[in-house]
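Trainee: Have a look at this one before I ask anything.
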Amino acid sequence: MNGELIPTTVVLFGPPGSGKGTQAKLLTEKLSLPHVSTGDMLREHIALGDALGIEVREVIKAGNLVPDHLVIRLVEDRLNRPDCKAGVLLDGFPRTIDQARMLLGMAEGRGLRLLVIHLKVDYDVITARLTGRRICPQCGTLYNIRLKPPIVPGRCNIEGSRLIIREDDKESVIRQRLVGYDAQTMPVLEFFAEHVKFFEVDGSDRKPEDLSNEIVNWIQTTITDEGSASGEGL
Ligand code: AMP
């Protein structure tokens, strides 16, 4: 986001398996914004086995949401680090109205521009994606045994390490995550519609690269329009 005056927070919003992680990897480079994923941060705490990791491990394994106060503190600490001063790409946050309120308050208090991208994907596509998802434990590269298989079955193309299945990608847990998404996270969209600019894209059968280009175009057009409306320019 070179040369722009107002730091931008881009929120990647969508159900589990909608491609937030894949888009985040592409967008963080194209937009030069740090990628902040609450799911990744929580998994890091679990891997470390620290107090937070122990507290959230079973909650995540069961496909439920981690309590707001824990996630909000984690995000506040992360956004206060110097690399987030010029903006950030949020993946998997906010997931509840209280988290969205916290983010909006922070954006208003700091004069940040908040832009939301909603990735819409059919639930049967999501189930197919998540049940086939495999991850490299070393570099985090995502594969899918049916849709994007590794060259050598079960091994990362880059690291050669044995791919793993996330504990919460079992079919029964996926169902629970989607129930939670409908009940707790979908209402955040209505909240956002009233308060911030948001862009909706159907990610069911799009190439990730095309989708990310469309998102970048929308972000750039929105920023340019705002700039000309306020007379600021880029
Ligand atoms: P993700 O990698 O984004 O799919 O997140 C994995 C899991 O971490 C979720 O199913 C939740 O249990 C937990 N989690 C991640 N982000 C949040 C959040 N913003 N609020 C509550 N729980 C979260």
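Every number here is computed from the coordinates shown, using simple stated rules; none is lab data. These figures come from a predicted structure and were not determined experimentally. Note that we place each Cβ from the backbone using ideal geometry, even for glycine, and neighbour counts take in every protein chain shown.
Trainee: Can you tell me which residue among 128, 183 is of a type in the set (A, V, I, L, M) and farther than 28 Å from residue 9 by Cα?
Mentor: 128 is the lone residue from the list that is of a type in the set (A, V, I, L, M) and farther than 28 Å from residue 9 by Cα.
Trainee: Within segment 6-33, restricting attention to residues that are touching an Asp or Glu at 6+ places or on another chain (Cβ under 9 Å) and more than 16 Å from the ligand (Cβ to nearest atom), which residue is farthest from residue 61 (Cα to Cα)?
Mentor: The qualifying residue farthest from residue 61 (Cα to Cα) is 6.
Conditions (1) without any contact (Cβ under 8 Å) to a residue 40 or more places away in the chain; (2) within 13 Å of the ligand (Cβ to nearest atom); (3) in contact with a Phe, Trp or Tyr (Cβ under 8 Å, 6 or more places away or on another chain); (4) closer than 30 Å to residue 223 by Cα, marked per residue:
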residue	(1), (2), (3), (4)
71	yes, yes, yes, yes
74	yes, yes, no, yes
77	yes, no, no, yes
87	no, no, no, yes
107	no, no, no, yes
114	no, no, no, yes
120	no, no, no, yes
134	yes, no, yes, no
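Trainee: Let me ask something additional. Looking only at residues in segment 111-133 that are among the charged types (D, E, K, R) and out of contact with any helix residue (DSSP H, G or I) (no Cβ under 9 Å at 6 or more places or on another chain), which one is surrounded by the most Cβ atoms within 10 Å (Cβ to Cβ)?
Mentor: The qualifying residue surrounded by the most Cβ atoms within 10 Å (Cβ to Cβ) is 129.
Trainee: Okay, moving on. Looking at 182, 169, which is the one that is among the acidic types (Asp, Glu) and under 16 Å from residue 20 (Cα atoms)?
Mentor: Just a single option satisfies the conditions, and that option is 169.
Trainee: Let me ask another. Residues that are buried (at least 18 other Cβ atoms within 10 Å of the Cβ) and within 16 Å of the chain's Cα centre (by Cα), at least 3 per element: which helices (runs of 4 or more DSSP H) completely within segment 1-61 meet that?
Mentor: Helices (runs of 4 or more DSSP H) meeting the threshold: 20-31, 38-48.
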